[in-house]
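Down below is the structure, laid out as structure tokens.
Bear in mind that the values in this text are calculations on the coordinates, not laboratory data. These numbers come from a predicted model, not from an experiment. Methodologically, a virtual Cβ is constructed for each residue, glycine included, from the backbone with ideal geometry; neighbour enumeration extends over all protein chains shown.
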Amino acid sequence: MIAATVAVAVLLGVLYLVAAARLRGRGDPWPRRRDAAFTAGAVVLVASVAGTAAHDATVTGRPFTHHMAGHLGTAMAAPLLFAAGRPVTLALRALPPGPPRRTLVALARSRPVALLLHPPVAAVLDVGGLWLLYRTPLLARTHHTPSLDAVVHLHLLLAGCLFTFAVLAREPVRHRPATLTRALTLLAASAAHAVLAKSLYAHGPPGTAYTAADLHAAAQLMYYGGDAVELALALLIGHQWYRAEGRRRTPGRRLGAAGPVIRAR
């Protein structure tokens, strides 16, 4: 699993950087901060998966805390960094006209993708999956079934990406949800995540036997680490709203909605 994750992360990172270089090579601007964000996301993902796979108590003394650090990296931090890189926008701009680009456009504007990227749906898939993992015997079963553990980690990553991309809504997809919808969804998801963290402080996942100190440390990491990522998402949403309001209130743009823009001499 670690080898596959490293291979995929490296491949995606290389493809991203090659596409960005292609844009700049033909004179199109592409902020380097997006390159840095996407590359950092790949690094965080690899480190999180590798760290979670090595969460033996003999290594750290706190296996659940180590697992939780991997969860935060895989399901929250890496998706945030990937979304900041805007990979779909980059791919659409870098791909030449042809079947691959038309396929990506059709996929981005399809109804299934629009449904998955509807913020409440993405939130249920993301946070609901966490409740299923930690409040049922599922986590205990992953300790004895490597294939199930790999599926769970894949779900954490994909659901985290869906939620982050849906809340930020920065990619050219079929429908862009209203800012209020995205903000309220983030607020509700944050509350559900915090309640789950508090419940883990009191009672560990069914079927596990973590120590009280380990549970408390892991729950606190989940609570405060989740808050940090969610705060970053909230700030990004607020920044988007501020910029949109600024554009809407620009005199030239208001006049342009009713007729030609009158430019000052």
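With contacts taken as Cα pairs under 8 Å and at least 6 residues apart, the chain reaches a relative contact order of 20 percent.
Taking the fewest neighbouring Cβ atoms within 10 Å as the starting point, the ordered list for SER147, SER190 is SER147, SER190. Principal axis extents of the C-alpha atoms in the range 115-162 (largest first, rounded to whole Å): 35, 19, 12. Diffusion of the chain by Stokes-Einstein, at 4 °C in a medium of 1.567 mPa s and with Rh set to the Kirkwood radius over alpha-carbon pairs, works out to 64 µm²/s. Derived scalar couplings between HN and Hα for the range 37-42 equal 5, 5, 4, 4, x, 5 Hz in order, rounded to whole Hz, by the Karplus curve 6.51 cos²θ - 1.76 cosθ + 1.60 (θ = phi - 60°), x for Gly and Pro.
Rounded to a whole number of µm²/s, how large is the Stokes-Einstein D of the range 108-235 at 25 °C and 0.890 mPa s, given Rh as the Kirkwood radius over C-alpha pairs? In µm²/s, the coefficient is 157. Can you give me the C-alpha center-to-center distance between the range 132-154 and the range 3-32, rounded to a whole angstrom? Comparing the Cα centres of the range 132-154 and the range 3-32, I get a distance of 32 Å. The Rg/Rh ratio of the range 79-132, with both radii computed over alpha carbons and Rh defined as the Kirkwood radius, is 1.08. For the peptides 148-156, 4-12, 102-110, 40-48, the ranking by packing is 40-48, 148-156, 4-12, 102-110, with the highest mean count of neighbouring Cβ atoms within 10 Å listed first. Summing Cβ point charges (Lys, Arg +1; Asp, Glu -1) relative to the Cα centre of the chain gives a dipole of roughly 1960 debye. Per residue, the convex hull spanned by the Cα atoms of the range 5-144 amounts to 138 cubic angstrom.
GNM, the chain, Cα, under 10 Å: largest mean-square fluctuation among ALA159, ALA209, ALA189? Maximum fluctuation in the GNM of the chain, among the listed residues, is at ALA209.
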